[in-house]
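Read through the structure below, which is laid out as structure tokens, and then see the notes.
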Amino acid sequence: MNVESELRESDHFATITDLWLSRTTEPYISLMTSFFPGEHTGDNIAQEMRGALADWDLKEDQQVCVTTDNASNMIKALEVNGWTRLQCFGHRLHLAIENAVKGDNRISRATGVCKKLVCHFSHSWKKRVALEQAQKHLNLPVHGLITECQTRWSRVLMINRILEQQKALHEVLSEDRNTRHLILGHQDPDVLESVSKALGSLLEFTAALSGEDYVSVSHIKPILNLFNTTILAPEEGDTDMTKSLKKKMLYMNSKYEERVTQELLDVASFVDPRYKTQYISVNDIPIIKARLVSEMKTMEHKPKIMHSVECTRVEEVSPPVVGGGPPPTKKAKKSLASFFKISTASATVPIDPTAVIEAELSAYMQSSTIDNEEDPLLWWRTHKVNFPRLSNMARKYLPPALPQRLFSASGNIVSCERSCLKPDMVNKLVFLAKNL
């Protein structure tokens with residue numbers, strides 16, 4: 001597989017970038033799968049990102065957007081380069097949750113007790129055995145406690161497991177006066193229930209948005225709409241704390257209100273046959289259509305690379321064969337239809353390319369949407385013949401997501417046993433891990 005040649009032949013591309021430190025505290029910046037050490041200033045990042053594109057012979061004007069977190073140096077780097085930035089939705093969701101629970105002493109106390117419980121049982125095998133016996137005695141599922149990880153979605157999992165095993169934990173802890181202080185207080189279960197109800201339903205989205213083999217950028221507007229109308233909407237029976245948490249997390253809407261970001265998300269949603277104009281404002285639909293028509297007209301005038309060669313049939317007149325052999329082939333007579341073909345070709349009227357593009361766009365909008373579980377890229381592969389110009393727009397705006405799983409792979413490669421790996425070797429190993 002020649003990755004470089006495939007990238008060179010692509011019309012458009014999207015990138016994702018982030019910063020990380022190895023186990024030996026060497027600083028790295030990752031752009032797709034290119035790693036290079038250096039100080040993490042905005043100007044340095046901008047320069048290195050330009051260099052990475054040049055190394056792969058990628059043109060900046062073909063880059064649709066760059067997905068990053070909210071680090072100030074990353075934001076500055078994209079401003080220096082003049083590139084379109086798209087905030088990582090998973091990272092933004094994580095920040096929304098952290099900001100919602102921050103500052104509430106009741107939540108801090110309840111989650112603090114949960115962390116101490118998990119820590120206590122993880123360091124005492126006797127307590128784990130006693131917990132298992134209590135679970136069997138109370139007919140509870142024999143499950144271990146879950147440790148929270150700040151960079152992953154595990155706080156809600158930890159809370160749910162504590163609530164599930166509350167009776168068993170109380171039975172084990174109450175037998176020892178040295179551990180009775182770890183028993184949940186009278187208001188802690190209610191607080192944990194409120195937090196679990198507000199945040200639990202968001203777990204599914206982090207898993208769905210972390211895929212790398214399917215489109216996820218066109219999901220952003222539908223998910224924001226789902227948050228506002230269903231997931232984070234107040235429900236009957238919600239506690240005041242649950243309602244407050246949901247309201248605080250809806251500040252995510254303001255983070256995608258920039259005009260450039262809105263247009264990018266609208267175009268991605270438009271060319272996704274699952275959604276089309278469903279989540280686009282009525283006033284913005286003409287703007288999106290005009291943008292697509294303009295871009296398709298621009299692509300029409302670009303030189304095209306022909307991947308196949310037309311075959312032309314050539315007839316030769318053979319001289320008469322002397323001294324035997326097959327007789328010469330008689331010249332075929334012209335049919336009556338051939339005369340009409342000539343006259344039709346001469347009367348061909350030039351077609352307005354704008355009219356053709358608009359007709360293709362109208363035909364696409366009139367076609368039925370597909371099921372949400374279907375793959376839009378597979379649909380476009382099948383309907384490319386019907387919408388040849390619009391399919392190029394789908395290739396541009398519906399790239400598969402590049403999640404931060406790449407950086408987890410980097411951390412697994414630069415393990416404790418391999419902490420002395422040089423940056424160049426890390427670059428090669430990560431590249432092979434993600435492309436073989």
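The values are calculated or read from the model by the stated rules, or taken from the named source; none is laboratory data. Because the structure is a prediction, the values reported are computed rather than measured. As a convention, Cβ positions derive from the backbone with ideal geometry for all residues, glycine included, and neighbour counts pool all protein chains shown.
Of the candidates Ile220, Ile231, the single residue that is under 30 Å from Arg109 (Cα atoms), modelled with pLDDT under 90, β-branched (Val, Ile, Thr) and not assigned by TED's automatic domain parsing to the domain that holds Glu373 is Ile231.
Could you list, in sequence order, the residues of segment 68-95 that are among the hydroxyl-bearing types (Ser, Thr, Tyr), over 23 Å from Leu250 (Cβ atoms) and under 19 Å from the mean Cα position of the chain (by Cα)?
Hit for segment 68-95 is Thr84, nothing else.
Being of a type outside the set (Gly, Ala, Ser) and either more than 26 Å from Ala14 (Cβ to Cβ) or surrounded by fewer than 19 Cβ atoms within 10 Å (Cβ to Cβ) (or both) narrows it down to one residue among Asp284, Asp272; which is it? From the options Asp284, Asp272, the qualifying one is Asp284.
Residues are listed down the side, and each one gets a yes or a no for (1) hydrophobic (A, V, I, L, M, F, W, C); (2) within 30 Å of His186 (Cβ to Cβ); (3) at pLDDT below 90; (4) under 25 Å from the mean Cα position of the chain (by Cα):
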| site | (1), (2), (3), (4) |
| --- | --- |
| Thr24 | no, no, yes, no |
| Ser34 | no, no, yes, yes |
| Ile97 | yes, yes, yes, yes |
| Lys102 | no, yes, yes, no |
| Arg106 | no, yes, no, no |
| Gly112 | no, yes, no, no |
| Leu117 | yes, yes, no, no |
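Among residues of segment 98-131 being small (Gly, Ala, Ser) and assigned to a helix (DSSP H, G or I), the one that is farthest from Thr147 (Cα to Cα) is Ala100. Taking the condition closer than 30 Å to Leu93 by Cα, assigned to a loop (DSSP other than H, G, I, E, B) and either at pLDDT 60 or above or among the charged types (D, E, K, R) (or both), does Asn253 pass? Spelling it out, it is not the case that Asn253 is closer than 30 Å to Leu93 by Cα, assigned to a loop (DSSP other than H, G, I, E, B) and either at pLDDT 60 or above or among the charged types (D, E, K, R) (or both).
When Val260 is tested against (1) surrounded by 16 or more Cβ atoms within 10 Å (Cβ to Cβ); (2) assigned to a helix (DSSP H, G or I); (3) at pLDDT 90 or above, just one condition goes unmet, and that condition is (1).
Answer yes or no: is there a residue in segment 309-316 that is modelled with pLDDT of 50 or more, of a type outside the set (A, V, I, L, M) and more than 23 Å from Trp379 (Cβ to Cβ).
Kept after step one, since they are modelled with pLDDT of 50 or more, are these residues of segment 309-316: none.
The answer is no, given that none of the residues of segment 309-316 is modelled with pLDDT of 50 or more, of a type outside the set (A, V, I, L, M) and more than 23 Å from Trp379 (Cβ to Cβ).
Any chance segment 140-154 includes a residue that's part of a helix (DSSP H, G or I) and either assigned by TED's automatic domain parsing to the domain that holds Asn228 or closer than 30 Å to Asn253 by Cβ (or both)?
Filtering segment 140-154 down to residues part of a helix (DSSP H, G or I) leaves none.
No - not one qualifying residue is present in segment 140-154.
Every condition in (1) within 22 Å of the chain's Cα centre (by Cα); (2) at pLDDT below 85; (3) assigned to a strand (DSSP E or B) holds for Cys65 except the one numbered (2). If you go through segment 119-147 and keep only what is within 35 Å of the chain's Cα centre (by Cα) and buried (at least 18 other Cβ atoms within 10 Å of the Cβ), you end up with just Leu145. Taking the conditions (1) within 16 Å of Ser294 (Cβ to Cβ); (2) within 26 Å of the chain's Cα centre (by Cα) in turn, Pro388 satisfies each one other than (1). Hey, can you tell me all the residues within segment 160-183 that are surrounded by fewer than 21 Cβ atoms within 10 Å (Cβ to Cβ) and either in contact with a strand residue (DSSP E or B) (Cβ under 6 Å, 6 or more places away or on another chain) or not in a helix (DSSP H, G or I) (or both)? Those that are surrounded by fewer than 21 Cβ atoms within 10 Å (Cβ to Cβ) and either in contact with a strand residue (DSSP E or B) (Cβ under 6 Å, 6 or more places away or on another chain) or not in a helix (DSSP H, G or I) (or both): Glu175, Asp176, Arg177, Asn178, Thr179, Ile183.
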